[in-house]
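Everything on this sheet refers to the single structure shown next.
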Amino acid sequence: MSDYYEALKEKIEARTAVLGVLGLGYVGLPLAVEKAKAGFSVLGFDVQSQKVAMVNAGHNYIGDVVDRDLAALTQSGRLRATDDFARLAECDCVAVCVPTPLDEHLQPDISYVRQSAAEIARYAHRGMLVVLESTTYPGTTEEVIGPLLAERGFTVGEDVFLAFSPERVDPGNAVYKTKNTPKVVGGVTPRCGQLAAAIYRSVLASEVKVVSSPKVAEMEKLLENTFRNINIALANEMAILCHRMGISVWEVIDAAKTKPYGFMAFYPGPGLGGHCIPIDPFYLTWKAREYNYHTRLIESAGEINNAMPEYCVERVAALLNCQKKPLCGSRVFMLGVTYKPDIDDIRESPALELARLFTEKGCDFSYYDPYVPAFTHRGRSYTRAEYSEAALAAADVVVIATDHKAFQAEQIVRCAPLVFDCRNLTAGVDSPHVERL
């Protein structure tokens with residue numbers, strides 16, 4: 001084994017290695033905090049100067065980070081942030097936690113990964129470990145980052161080390177956080193994987209599974225989220241069918257989940273949201289075409305899930321029609337904008353599409369979300385309305401798009417003249433003017 005490998009391994013074991021985290025968002029900041037809490041000196045990088053300033057001031061902006069932890073770590077100097085990428089040269093290990101969105105053609109946009117990799121390669125030194133955490137298609141680590149390091153004259157596995165370890169962040173999860181969620185690591189060479197695993201084992205209180213290559217780890221992450229995407233699509237399709245048959249899909253799922261094996265409960269909703277599940281399967285379908293294979297099941301699931309906002313609007317229109325009211329001109333009051341309850345994350349939220357559709361169809365649309373005072377979607381800006389019993393009563397229909405704990409089902413049902421519940425928040429509150437997805 002090379003001297004660079006042994007030297008870095010010793011630094012990791014002694015916790016004297018300087019760890020860099022590139023990207024201080026929902027993935028990067030919690031990871032940086034855990035690394036600093038484990039005793040490492042951590043340097044966070046971000047292009048947004050506002051985030052850098054907030055971290056250095058000890059001001060938290062991520063729900064999964066404990067405020068006092070961030071403040072204590074920054075005050076001690078254990079965690080610092082910068083927008084000066086030349087300081088990557090100070091780091092022994094760098095984790096890349098940048099966004100990997102889709103472009104307007106639903107194709108992978110790895111421009112942030114490319115930009116980050118270019119900066120790292122520019123300031124890389126012998127004995128450095130680079131770990132990509134951003135979700136991407138199989139081959140990215142070796143095909144995008146590897147060549148940039150080679151151009152600098154490095155040999156991966158000998159004098160620099162490269163691995164992929166997919167992030168598994170679930171914003172707002174009360175049980176599983178960065179610290180206790182198992183990790184998967186795939187190195188370009190066995191030594192790369194061993195070093196990356198050593199970092200995570202020093203930081204996390206969970207299993208670290210080492211797989212044979214970055215491609216395996218990259219594909220593993222896509223499998224995780226494609227599994228959820230497909231099963232949610234099944235739940236959504238069951239909801240549509242159950243409605244036509246006059247059956248409660250919620251009762252069906254509740255009954256099915258009594259089986260202790262062979263069934264896992266997934267629930268319908270107005271569409272998919274979040275930073276992974278709506279996006280990751282498209283990375284897989286895009287990459288599959290390179291191998292002349294079309295992922296028919298995955299693509300069908302995407303079509304079902306993407307059609308749910310329109311389906312929900314059609315259901316609302318039908319409800320209003322039964323009351324001799326047209327959708328155009330009706331007062332639609334939507335509760336919730338975030339993609340899941342009790343967080344402030346609106347990324348890819350289906351509620352954004354609901355807002356667009358209701359507005360474009362001529363509704364007198366308004367919304368309330370305790371976590372989102374305003375948002376912009378497809379060039380149109382929305383500002384939060386007042387939430388009160390009077391506001392509920394004044395609406396022609398109240399649409400529950402997110403089941404925040406702040407929303408009281410009994411109050412909504414009592415005050416609103418008509419309710420369309422996309423999330424089963426009103427379960428157990430019977431009323432003839434409530435309809436559930």
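For the chain, the alpha carbon convex hull comes to 153 Å³ per residue, rounded to a whole number.
Whole-Hz Karplus values for segment 157-169 come out as x, 10, 10, 9, 9, 9, 8, 10, 9, x, 5, 10, 7 Hz, taken residue by residue from phi with 6.51 cos²θ - 1.76 cosθ + 1.60 and θ = phi - 60°; glycine and proline positions read x.
You can think of it this way: the chain between VAL66 and ALA288 has 75.9 nm of extra reach, that is 0.36 nm per residue less the Cα-Cα gap.
Among the protein heavy atoms, those of LYS259 account for about 100 Å² of accessible surface (1.4 Å probe, every chain in place).
Using helices alone, I'd like the mean residue ellipticity at 222 nm for the chain: each DSSP H run of four-plus residues gives -39500 (n - 2.57), total over residue count, nearest 500. Theoretical 222 nm ellipticity from helices: -12000 deg cm²/dmol. I'd like the FRET efficiency for ASP84 and ALA256, computed as 1/(1 + (r/R0)^6) with the beta carbon distance as r and R0 of 60 Å, rounded to 0.05. So, using R0 = 60 Å, E works out to roughly 0.65.
Label sites at LEU297 and ALA53, each approximated as a point 7 angstrom past Cα along Cα to Cβ, lie 5.0 nm apart. Strictly greater than 28 Å: what percent of every Cα pair in segment 204-351 meets that? More than 28 Å apart: 34 percent of the Cα pairs in segment 204-351. Using a simple spin-label model with pseudo-atoms 7 Å out from Cα toward Cβ, VAL175 and ALA318 lie 3.5 nm apart.
Each residue, ALA7 and GLN411, gets one label point 7 Å from its Cα in the Cβ direction; the gap between the two is 6.2 nm.
Count Lys and Arg as plus one, Asp and Glu as minus one, and take only other residues whose Cβ is under 11 Å from that of LEU437; the net charge is then +1. With protein chains left intact and a 1.4 Å probe, residues in the chain average 45 Å² of accessible area per residue.
Summing Lys and Arg as +1 and Asp and Glu as -1 over all other residues whose Cβ lies under 13 Å from the Cβ of GLU303 gives a net charge of -2.
Listed by chain and number, the lysines whose alpha-carbon sits under 17 Å from that of LYS325, ignoring those within fewer than 8 places in the same chain, are LYS361.
Proximity of backbone amide H atoms, modeled 1.01 Å from N, is registered between ILE400 and LEU335, PHE420, ASP421, CYS422 at under 5 Å, excluding neighbours fewer than 5 places apart on the same chain.
Please list GLU218, GLU119, GLU143 from largest to smallest accessible area, probe radius 1.4 Å, with all protein chains kept in place. Don't skip to the answer; put the middle values down first.
On the way: GLU218 0, GLU119 55, GLU143 90 Å².
Largest accessible area first, the residues go GLU143, GLU119, GLU218.
Karplus-derived 3J(HN,Hα) values for segment 291-307, using 6.51 cos²θ - 1.76 cosθ + 1.60 with θ = phi - 60°, are 9, 6, 9, 10, 7, 4, 5, 5, 5, 5, 4, x, 5, 5, 5, 5, 8 Hz; glycine and proline are entered as x. Any idea of TRP286's accessible area? Nearest 10 Å², probe 1.4 Å. Using a 1.4 Å probe on the heavy atoms, I get roughly 80 Å².
Rolling a 1.4 Å probe over the protein chains gives GLU224 an accessible area of about 50 Å².
Summing +1 for each Lys or Arg and -1 for each Asp or Glu, what net charge is found among the other residues whose Cβ lies under 13 Å from the Cβ of ALA38?
Numbers: positive: ARG15, LYS35, LYS37, ARG78, LYS179, ARG201; negative: GLU13, GLU34, ASP69.
Here the charged neighbours net out to +3.
Legend: residues ILE199, ILE304, sorted from most to least accessible area (1.4 Å probe; ligands, DNA and RNA excluded), read ILE304, ILE199. Computed 3J(HN,Hα) for segment 392-400, one whole-Hz value per residue from the Karplus formula 6.51 cos²θ - 1.76 cosθ + 1.60 where θ = phi - 60°, is 5, 5, 6, 6, 6, 8, 9, 10, 8, glycine and proline marked x.
Between the alpha-carbon centres of segment 293-309 and segment 412-437 there is a gap of 29 Å.
Amide H contacts of VAL210: VAL185, each under 5 Å away and 5 or more positions distant or on a separate chain (H built 1.01 Å from N in the peptide plane; Pro and chain starts excluded). Centre-to-centre, using Cα atoms only, segment 96-170 and segment 32-49 are separated by 18 Å.
The values are calculated or read from the model by the stated rules, or taken from the named source; none is laboratory data. Computed from a predicted model, the values in this text were never measured in an experiment. Cβ atoms come from the backbone with ideal geometry, glycine included; neighbour counts cover every protein chain shown. Only protein heavy atoms, including side chains, enter the accessible area calculation; ligands, DNA and RNA are left aside. Shrake-Rupley method; radii C 1.70, N 1.55, O 1.52, S 1.80 Å.
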